[in-house]
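Novice: Dropping the structure in here first, questions after.
The values are calculated or read from the model by the stated rules, or taken from the named source; none is laboratory data. Keep in mind the model is a prediction, meaning the values are calculated, not measured. Virtual Cβ from ideal backbone geometry, glycine too; neighbours counted across all protein chains shown. Please note that ligands, DNA and RNA were not included when accessible areas were found on the heavy atoms of the full protein model with its side chains. Shrake-Rupley method; radii C 1.70, N 1.55, O 1.52, S 1.80 Å.
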Amino acid sequence: MLPIQNVAGRRSRSLAGRWHVIVDPYRSGAQFLGFPNARGFHRDLSPRDDARIEYDFARSPTLAVPGDWNSQEPRLLLYEGTLWYQRSFDAHPAAGRRWFLHFGAANYEARVFVNGHEVGSHVGGFTPFDLEVTAALRDGRNSLVVCVDATRRRDGVPALDTDWWNYGGLTRDVRLVEVPESFLCDYRIGLEGIEVTVDGPAPAKTVRITVGGHEITLATDTRGGARAPLPFAPERWSPGRPRLYDVTLACNGEVVHDRIGFRSIETRGCEILLNGEPVFLRGISIHEEAPLRGGRAHGEDDARLLLGWAQELGCNFVRLSHYPHDEPMARVADELGLLVWEEIPVYWEIDWESPVALECATGQLRELILRDRNRASVVFWSLANETLPKPARLEFLRSLAGTARALDPTRLLTTALLTLPSSEGRMRIEDPLGGIVDVLAVNEYFGWYYGEPEGVVWESAFDKPLVMSELGADALAGFRGGSDERYTEEFQARFYERQIAMLETIPFLRGLSPWILQDFRSPRRNLPGIQDHYNRKGLLSERGQRKLAFDVLRAFYARLAGAQRGGGGSAPPAAPG
Ligand code: GCB
């Protein structure tokens, strides 16, 4: 079955709230799984049921769901093991209806039990999954137990090493979804047309769709599929005018509501064309870290705050790094008019030879694309971040590119390349991965990790547009001093001025997404008094305090936006191209 499209736009109930938890570093709760009459945590028993039971969810502490566990309790800040969640919920199963549990994300692996029965499991910490629970439900009170394991794995995606916090748990909303026995499971609506999929025992159904005041009725075939051209010529969605159309889809008594924009995105030589017009991407990279309160961000309010800051900076583009963010991010971007880069956590060193890793990466890519392919804002699928050229890596990423193109031929593929300067200060983009993607992207750190930006000559082996997907320097908010003193706001501001001067010399540059909007937690960042487990390359502190560099980039973006409005085309004003 396909994942259920747009769960929030149909009849569903959030199970958000305080869930009981047991921290289980030795995985003792799962010890007897699979044994007849096992009394493991999945059974949700207590000493009241059997005096030999050594756990009791009802008397165990609680944590908020959605929410990572690390930021909710000091003793869990660095915890990366197994934790069991429990709550009960009411249901009234009826003939002709089906129920699913929808998880926005569970990091990293989740096993789910309803009334003691395992209803499914999922691997991959940032994408949604739906588990059917119809057969396991009881009328009245039901027990729900979820075991989440955040242990990092060599063959995981990401693998063992990242520059972000491994926030574990049920980090996004959990919903109980009720649908008819045969129901509209997936749909895709764009300029290319409309495609629907019905799932269930009687998949030949009628789907009535209204979009932009036009109505169209589709009859699905015996496999549940139907397609048709778009019944009207919509006004195009763009950052300047993010026009969205109300859409309803009615099938077998269920009505699904959505809002969808229409736009085209393509490349021609070094140009990125949005609705046929060259566009320059004024972007910023964003980690999914909750503004102000810390921990994993989730939900619409966090999305509005983060994307609102990007808009204050003058962005028309955001890079959602380094993994799929919560679904509301792309929905809010649709509404605000921000172009979006979405990414899967194929980050640094992956076990390229491992079929487990490839399956996991493919699964996450598929779940992301199926979730967001109705979002006009999303223009790039990014396959990986900073991976060292090796034959096995190229085959791994070529396979992912094939998956992405098969699922969605309407968007552009990119990947953040690791390109290092030659000893003569040349930056030549020639990684063979560049031949596979549509848009080149490079993370560069001149003036911070190596070299200086002055005098660097950029060259490319490909006739493709380049987005500078990262550049950045650490600064502690409020730490002031000279522009040559590392970690001061002045250093970071000057760093941005020097970077901008270099970027303006690159003829094939069509956008940038500097690193990064906001300081974020990372166990790799250990400089006392400065980093204290934070990567400080944010233009804002983790509390939202602006650093001087914010205004430097904002002024550059205002200049670019002015040049574009004034007919300056897609390139930065001073670029030779
Ligand atoms: C990078 C990575 C990013 C890091 C950043 C840094 O190249 O892509 O995840 O956080 O550098 O700050 O070093």
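Novice: Being within 16 Å of the ligand (Cβ to nearest atom) and open to solvent by 10 Å² or more (accessible area, probe 1.4 Å) is the filter here; which residues of segment 377-418 pass it?
Specialist: Correct list: Glu386, Leu388, Pro389, Leu418.
Novice: Out of all the residues in segment 476-489, which are out of contact with any strand residue (DSSP E or B) (no Cβ under 8 Å at 6 or more places or on another chain) and closer than 22 Å to Asn526 by Cα?
Specialist: Gly478, Arg480, Gly481, Asp484, Glu485, Arg486 - these are the residues of segment 476-489 that are out of contact with any strand residue (DSSP E or B) (no Cβ under 8 Å at 6 or more places or on another chain) and closer than 22 Å to Asn526 by Cα.
Novice: Right, next: Tally the residues that are away from the ligand (no atom under 16 Å from the Cβ) and free of Cβ contacts under 8 Å to residues at least 60 places away in the same chain, restricting the search to segment 419-439.
Specialist: Residues that pass the stated criteria total 12.
Novice: Now for a separate question. Counting only residues that are free of Cβ contacts under 8 Å to residues at least 60 places away in the same chain, away from the ligand (no atom under 16 Å from the Cβ) and within 10 Å of the chain's Cα centre (by Cα), how many does segment 311-327 have?
Specialist: 0
Yes/no per residue for (1) more than 16 Å from the ligand (Cβ to nearest atom); (2) surrounded by fewer than 24 Cβ atoms within 10 Å (Cβ to Cβ); (3) among the charged types (D, E, K, R); (4) part of a strand (DSSP E or B):
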{"site": "Phe126", "(1), (2), (3), (4)": "no, no, no, no"}
{"site": "Asn142", "(1), (2), (3), (4)": "yes, yes, no, yes"}
{"site": "Cys147", "(1), (2), (3), (4)": "yes, no, no, yes"}
{"site": "Arg154", "(1), (2), (3), (4)": "yes, yes, yes, no"}
{"site": "Thr162", "(1), (2), (3), (4)": "no, yes, no, no"}
{"site": "Thr171", "(1), (2), (3), (4)": "yes, no, no, no"}
{"site": "Glu178", "(1), (2), (3), (4)": "yes, yes, yes, yes"}
{"site": "Asp186", "(1), (2), (3), (4)": "yes, yes, yes, yes"}
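Novice: Could I ask something else about it? For the structure I just gave you, tell me whether Arg172 is charged (D, E, K, R) and touching a residue at least 60 places away in the same chain (Cβ under 8 Å).
Specialist: Yes, satisfied.
Novice: Quick one: how many residues across segment 472-491 are assigned to a helix (DSSP H, G or I), away from the ligand (no atom under 16 Å from the Cβ) and buried (at least 20 other Cβ atoms within 10 Å of the Cβ)?
Specialist: Residues that pass the stated criteria total 1.
Okay, residues lined up against (1) farther than 27 Å from Gly295 by Cβ; (2) in a helix (DSSP H, G or I):
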site: Ala493; (1), (2): yes, yes
site: Tyr496; (1), (2): yes, yes
site: Arg510; (1), (2): yes, no
site: Gly538; (1), (2): no, no
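Novice: Right, next: Select from segment 452-471 the residues that are more than 16 Å from the ligand (Cβ to nearest atom), touching a helix residue (DSSP H, G or I) at 6+ places or on another chain (Cβ under 8 Å) and of a type in the set (A, V, I, L, M) and list them in ascending order.
Specialist: Hits for segment 452-471 are Val456, Ala461.
Novice: It is to be established whether one or more residues within segment 443-451 are away from the ligand (no atom under 16 Å from the Cβ), open to solvent by less than 30 Å² (accessible area, probe 1.4 Å) and either modelled with pLDDT of 95 or more or under 30 Å from Leu413 (Cα atoms) (or both).
Specialist: no
Every residue, every condition in (1) hydrophobic (A, V, I, L, M, F, W, C); (2) farther than 22 Å from Leu407 by Cβ; (3) in contact with a Lys or Arg (Cβ under 7 Å, 6 or more places away or on another chain), yes or no:
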| position | (1), (2), (3) |
| --- | --- |
| Leu313 | yes, yes, yes |
| Tyr323 | no, no, no |
| Leu336 | yes, yes, no |
| Leu339 | yes, no, no |
| Ile350 | yes, no, no |
| Ser354 | no, yes, no |
| Leu358 | yes, no, no |
| Thr362 | no, no, no |
| Leu370 | yes, no, no |
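Novice: Output the residues belonging to segment 292-303 that are farther than 28 Å from Ala159 by Cβ and either over 15 Å from the mean Cα position of the chain (by Cα) or assigned to a loop (DSSP other than H, G, I, E, B) (or both).
Specialist: Leu292, Arg293, Asp301
Novice: I would also like to ask the following. Only one of (1) on the phi < 0 side of the Ramachandran plot; (2) open to solvent by less than 10 Å² (accessible area, probe 1.4 Å); (3) more than 16 Å from the ligand (Cβ to nearest atom) is not met by Trp352, so which one is it?
Specialist: Answer for Trp352: the failing condition is (2).
Novice: Looking at segment 83-124, which of its residues are among the small types (Gly, Ala, Ser), under 28 Å from the mean Cα position of the chain (by Cα) and open to solvent by 40 Å² or more (accessible area, probe 1.4 Å)?
Specialist: Ser121
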